[in-house]
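Worksheet: one structure, shown below.
The values are calculated or read from the model by the stated rules, or taken from the named source; none is laboratory data. Note that the structure is predicted; figures quoted are calculated from it, not measured. So basically every Cβ, Gly included, is an ideal-geometry build from the backbone, and we count neighbours across all protein chains shown. Accessible surface areas use protein heavy atoms only, side chains included; no ligands, DNA or RNA. Shrake-Rupley method; radii C 1.70, N 1.55, O 1.52, S 1.80 Å.
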Amino acid sequence: MHHRLRIADTELLLLPERAIYWPEQRALLVADLHLGKSGHFQKHGIPISGEVHFRDLDVLGTLLQTHSVERLIFLGDLFHSSYNQEWEIFADFMAEFDCRKELIVGNHDRLIAKHYHSAGLEVYRDSLRLGAFELRHEPLADDEFVHDAYVLCGHIHPGVRLQGAGKQRLRLPCFHFMERQAVLPAFGQFTGLAICYPEENDKVFVIAEGEVIEIS
């Protein structure tokens, strides 16, 4: 079940599929899909199945169909490394959906322009200002804020470590909302987690068993 959040005078839906839906813009925001990672490992002799990426695309396709998505915006690290055949699978997948497709380039996005064009992507090299938000890949440091826009970004793959009464420990992905910016969880399943340490006024929404739950 999603969590409805109002931030910067704007309503956002935090989705358990690790994405944000912005109803006013009919926009789906997705960070750190890291497609092509299995192909990258295979190229280096490590036998990783590409099925994980098919599952990610299945989830993405369901979100595009379930919500009235007119803009699909990737907040960087869409593709993990240099070109491989998994990009062609993604380009064919993108052709099935009639919406605006946009990419804010992340540190792993190294493909040449023709490949992005083949998937119908508009590309932004730094950031995209949209409504009350600045959409970008990497978070800003405190001294890098030069305007009043609230930042939505990725890159970090935020997660939390929880401990139950029986001393069992879980590491779970989360949305981390701070005073001036928020970091989305990595959408891709074949990614790690970076444990975040929220400050007093931060809000953290953990994703567990198909729900988005506020824990701080």
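Of the residues 66, 191, ranked by 1.4 Å probe accessible area with the largest first, the sequence reads 66, 191.
For the chain, modelled as a GNM whose springs connect Cα atoms under 10 angstrom apart, the maximal fluctuation among 184, 170, 13 occurs at 170.
Using the Cα centre of the chain as the reference point, and only Cβ charges (+1 on K/R, -1 on D/E), how large is the resulting charge dipole? Debye, rounded to the nearest 20. Write out the running numbers ahead of the final one.
Working: 21 positive and 32 negative charges, 109 e Å.
It works out to roughly 520 debye.
Under a 5 Å amide H cut-off, with hydrogens placed 1.01 Å from N, residue 151 pairs with 134, 181, 182 among residues at least 5 apart or on other chains. Phi angles of the stretch 94-106 translate, via the Karplus equation with coefficients 6.51, -1.76, 1.60 and θ = phi - 60°, into HN-Hα couplings of 4, 5, 7, 10, 9, 8, 6, 10, 9, 10, 9, 5, x Hz per residue; Gly and Pro are given as x.
By the helix-only formula, in which each DSSP H run with n ≥ 4 contributes -39500 (n - 2.57) and the sum is divided by residues, the chain has a 222 nm mean residue ellipticity of -5000 deg cm²/dmol. For the residues 85, 163, 25, a GNM of the chain with alpha-carbon springs under 10 Å puts the largest fluctuation on 163.
Can you give the FRET efficiency to the nearest 0.05 for residue 24 and residue 163, using r as the Cβ-Cβ distance and R₀ = 35 Å?
Working: r = 38 Å, r/R0 = 1.09.
Given R0 = 35 Å and the Cβ-Cβ separation, E is 0.35.
Based on DSSP loop calls and a cut-off of at most 11 other Cβ atoms within 10 Å, the longest stretch of the chain free of exposed trypsin sites (Lys or Arg not before Pro) is what? Longest stretch, sites excluded: 1-124.
Of all DSSP beta bridges in the chain, what percent run antiparallel (nearest 5)? Intermediate results must be reported in sequence, preceding the final value.
Values: 30 of 51 bridges.
Antiparallel: roughly 60 percent of the beta bridges in the chain.
With the cut-off at under 15 Å, measuring from each backbone N in the stretch 8-29 to a point 7 Å along the Cα-to-Cβ line of residue 100 picks out 22-29.
Could you state the accessible area per residue of the chain in Å², with a 1.4 Å probe and every protein chain left in place?
Values: 10800 Å² over 216 residues.
Value for the chain: 50 Å² per residue.
Springs between Cα atoms under 10 Å define the GNM used for the chain, and in it the highest mean-square fluctuation of 155, 137, 117 occurs at 117. If the segment from residue 4 to residue 209 were pulled out straight at 0.36 nm per residue, it would be longer than the present Cα-Cα gap by 72.1 nm. The mean sequence distance of close C-alpha pairs (under 8 Å, at least 6 residues apart), as a share of the length of the chain, puts its relative contact order at 21 percent. Rolling a 1.4 Å probe over the protein heavy atoms of the stretch 61-216, with every protein chain left in place, gives an accessible area that is 47 percent carbon and sulfur.
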